[in-house]
Amino acid sequence: MLFSMKELSAGKLIVKNSFFFGHLYSIGKIEEINIIIKLHKKLYIKANHHCYAITFGEKSGQIYNSFKNDGEVGHPGKILLELLIKYNLHNNLIVVSRIFGGIKLGVGGVSRSFKEIGDSVIKYYIYKNKSK
């Protein structure tokens, strides 16, 4: 099986000793989600949560949108999906892996952190492509 996934941008955010690692990918097949999540579980072995969102399909055709919170509080997967939709990204997957730092952030803090790192990696990708 041939895969066409490609990492477009990545970033790291530290909030009260918790690490949030965000990655934006382009994907050619929905099945590539599983490969990328397995990769994140190996890359960030200490992470308890690997939350993601996907938009897949053509702009004019049927679009598949999905997300996974992976047991994290504050619906971070949904927040990541809202960012993909806001920036009109298609055939993209955004994954954020969180390593807990020992200080509880609360629902609001977790939500803000996922939104900040997700927004950051997407904006970096957009900025990088505008300058080409």
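Every read-out reported here was derived from the displayed coordinates using simple, explicitly stated rules and does not represent laboratory data. Since we're looking at a predicted model, the values are computed, not measured. Note: ideal-geometry Cβ built from the backbone for every residue, glycine included; neighbour counts use all protein chains shown.
Quick rundown of the values:
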| quantity | calculated |
| --- | --- |
| Cut-off 18 Å, label 7 Å out along Cα→Cβ of VAL73, residues of the stretch 84-114 by amide N | 98-114 |
| Cross-link pairs LYS86/LYS115; LYS104/LYS128; LYS12/LYS42; LYS42/LYS123; LYS12/LYS38 - those with Cα-Cα distance over 22 Å | LYS104/LYS128; LYS42/LYS123 |
| The stretch 6-130, relative contact order in percent, only Cα pairs under 8 angstrom and at least six apart counted | 34 |
| Listed values (1) 1.35; (2) 1.00; (3) 2.50, entry calculated as Cα Rg over 2.2 N^0.38 Å | (2) |
| Charge dipole of the chain about the Cα centre (unit charges at C-beta), most positive-ward option of LEU81, ASN48, ILE27 | ASN48 |
| Fewest-first ranking of LYS46, LYS104, LYS68, using other Cβ atoms within 10 Å as the exposure measure | LYS46, LYS104, LYS68 |
| At R0 = 25 Å, FRET efficiency that the Cβ-Cβ distance of LYS128 and ASN17 yields, to 0.05 | 0.30 |
| Fully extended contour minus Cα-Cα distance, from LYS6 to ASN34, at 0.36 nm per residue | 8.7 nm |
